[in-house]
Amino acid sequence: MIMVKGIHAHYGKSHILKGVELHLREGEIIGLVGRNGMGKTTLLRVIAGLKTPSKGIKKIFSTDYTELPPHKISQLGIAYVPEKRGIFPNLTVRENLLMAARPRTNGDQIWGLDEVLKMFPQLEPRLNNGGSQLSGGEQQILAICRALMTNPEYVLIDEATEGLAPIVAEEVWTLLEEISSKGVGAIIVDKDLASLSKVTNRFAIMMNGQIVFDGASANLKSDLKLQKKFLGI
Ligand SMILES: Nc1ncnc2c1ncn2[C@@H]1O[C@H](COP(=O)(O)OP(=O)(O)O)[C@@H](O)[C@H]1O
Ligand SMILES: [Mg+2]
């Protein structure tokens, strides 16, 4: 599992994360929610190794990876899909997918080009298109598929359906269900609580750089006061 504990992070003098603790068991999915500016993106970046915490420890499968650089963390099985998707506009769809391709360190391989195309046949006619020629929805699907090509144990997905038309967002949710059915764990940041509840029963709420709720979505849904207080719903 992934375990982070006592995580603090700063941007310059601003103290952003203030002692975050989060556990993610194998194959488990967490919906990470909270209003804008609360530290969700910063936390994902810390877990993926793109932001160095000022304090705290990070472990995956009991390996302490606090000091490891991002590419080593990716090899340990953590894939990150940033909010801005991060696909390479000058590379083709095929190149975007293949540059990430690799089995797990133990040799297991769930996803390769064929598997990804089976899931998303609409990427096939686009294989030779440049990344920049894709619609926002296609880019997000490509970004998630590219993360899957690394055959991760865990994926961290920031603002999974932000800015997508409802019909495309629906496809992304279907993809996320597929990921969870394969036993891959995930932290998914999204504002759509109803759709998040379809792929997970566990939510963590961030408020001012801390996790203020971590529990079953049923409790969150039934607790309107909690929703109002932490999510402004
Ligand atoms: N690169 C940065 N430099 C300075 N401050 C930042 C930077 N990125 C984020 N912040 C600040 O950190 C806080 C948390 O941001 P973020 O992690 O993006 O929150 P969320 O993803 O929950 O919206 C915000 O106050 C934001 O302004
Ligand atoms: Mg964010």
Taking a label point 7 Å from the Cα of LYS84 along the Cα→Cβ vector, which residues of segment 6-25 have an amide N closer than 19 Å to it? 11-12
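Rounded to the nearest 20 Debye, what is the dipole magnitude of the chain about its Cα centre when Lys and Arg each give +1 and Asp and Glu each give -1 at the C-beta?
Details: 28 positive and 24 negative charges, 190 e Å.
Once rounded to the nearest 20, the dipole reads 920 debye.
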Along the three principal axes, how long is the chain when you take its alpha carbons, biggest first, rounded to the nearest angstrom? 47, 38, 33
For the chain, with the dipole built from +1 on Lys and Arg beta-carbon atoms and -1 on Asp and Glu ones, taken about the Cα centre, which of ASN90, PHE61, GLY136 lies farthest toward the positive end? PHE61
Excluding same-chain residues fewer than 8 positions from LYS13, which lysines have a Cα within less than 18 Å of its Cα? LYS51, LYS55
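Summarise the accessible area of the chain (1.4 Å probe, protein heavy atoms) by the percent that is carbon and sulfur.
It is 52 percent, rounded to a whole number.
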With every protein chain kept in place and a 1.4 Å probe, the chain has an accessible area per residue in Å² of 47 Å²
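Quick one: length gained pulling ARG102 to THR63 fully straight, 0.36 nm per residue minus the C-alpha distance?
Details: separation 39, 0.36 × 39 = 14.04 nm, distance 2.10 nm.
Working it through step by step, the gained length comes to 11.9 nm.
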Helix-derived [θ] at 222 nm for the chain: sum -39500 (n - 2.57) over DSSP H runs of at least 4, divide by residue count, nearest 500? -9500 deg cm²/dmol
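Taking every DSSP beta bridge with both residues inside the chain, roughly what % is antiparallel (nearest 5)?
DSSP beta bridges in the chain are roughly 60 percent antiparallel.
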I'd like the orientation of helix 136-148 relative to the chain: the angle between its Cα long axis and the longest Cα principal axis, in ° from 0 to 90, rounded to 10. 90 degrees
Selection from THR42, LEU156, ILE78, by position along the positive dipole direction of the chain (Cβ): THR42
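The values are calculated or read from the model by the stated rules, or taken from the named source; none is laboratory data. The structure displayed is predicted, hence computed values, not measured ones. A quick note on method: Cβ atoms are made from the backbone with ideal geometry, for glycine too, and the neighbour counts reach across all protein chains shown. Heads up: the accessible areas ignore ligands, DNA and RNA and are worked out on the full protein's heavy atoms, side chains in. Shrake-Rupley method; radii C 1.70, N 1.55, O 1.52, S 1.80 Å.
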